[in-house]
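For reference, the structure discussed in these notes is given below.
Bear in mind these aren't lab numbers, they're just calculated from the coordinates by the rules spelled out. For clarity, every value in this text was computed on a predicted model and none was experimentally measured. Don't worry about glycine lacking a Cβ; one is built from the backbone with ideal geometry, like all the others, and counts go over all protein chains shown.
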Amino acid sequence: MKKILTFVLVISMVAILAACGGKDTLTVFKSGDNKFQVSASNSWKDADGQLHPDSDLQIYNPQKEKYFMALLEPKEDFTDSSLQKYYDIVTEPFVSSLDTPKQGDVKEVTINGNKALQYTLEGTADNVNVAYIVTVIETPTHYGQLMAWTLKSNWDGYKDEYTNLINSFKEAN
């Protein structure tokens, strides 16, 4: 009887540990100047300048083909600007950089109290089919572009994670 009880307890402990150990914990990633941050699972890591040389914050999971970056610009560098004007400045050049771009509807969203415009984008870059979620955001001090992307074949499996990642964007404490 004692052996059976021990066996049941061991099996129970293994099941409990497996259930707890399978969850990703969130990691906070900060911009180079420590002004902005996002939270992502611990499977992501700092891209350390590999995605875009001018990116303020960039993380990735290259094994899963998951990518995110934030390009932020001080509002003081723009005259007579607004979120819509900034969107107009940055969106057309980006969309036209892809072959056969297909831009989704633009929707107004709020990210941690900041107004933003968000759209999906599919296209081809260097003969690779890619899918993006792009958020053009206005903070009290900056305008920015938050971009998450992957291979088109991965999109459906990643879009919820990307939405959560973008929704975590905020000024760092």
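The mean sequence separation of alpha-carbon pairs under 8 Å and at least six residues apart, normalised by the residue count of the stretch 39-120, gives a relative contact order of 16 percent. Counting only the Cα atoms, the stretch 112-173 fills a convex hull of 89 Å³ per residue. Packing, as the average of other Cβ atoms within 10 Å across residues, places the peptides 36-45, 120-129 in the order 36-45, 120-129, highest first.
Rounded to the nearest 20 debye, the dipole magnitude of the chain is 1200 debye, with +1 charges on Lys and Arg beta carbons, -1 on Asp and Glu beta carbons, and the Cα centre as origin. Using just the C-alpha positions of the stretch 22-83 as equal point scatterers, what log10 of I(q)/I(0) does the Debye formula give at each q in 0.14, 0.24, 0.28 1/Å? Results for the stretch 22-83 at q = 0.14, 0.24, 0.28 Å⁻¹ read -0.47, -1.00, -1.21. Entry note, the chain: relative contact order of 20 percent, from Cα contacts under 8 Å with a spacing of 6+ residues.
Taking 20 Å as the cut-off for C-alpha to C-alpha distance, list the pairs among 30/107; 75/115; 35/152; 35/66; 35/107; 85/159 that go past it. Beyond 20 Å between Cα atoms: 30/107; 35/152; 35/66; 35/107; 85/159.
Rounded to the nearest angstrom and listed largest first, the equivalent-ellipsoid semi-axes of the chain from its Cα gyration tensor are 38, 20, 14.
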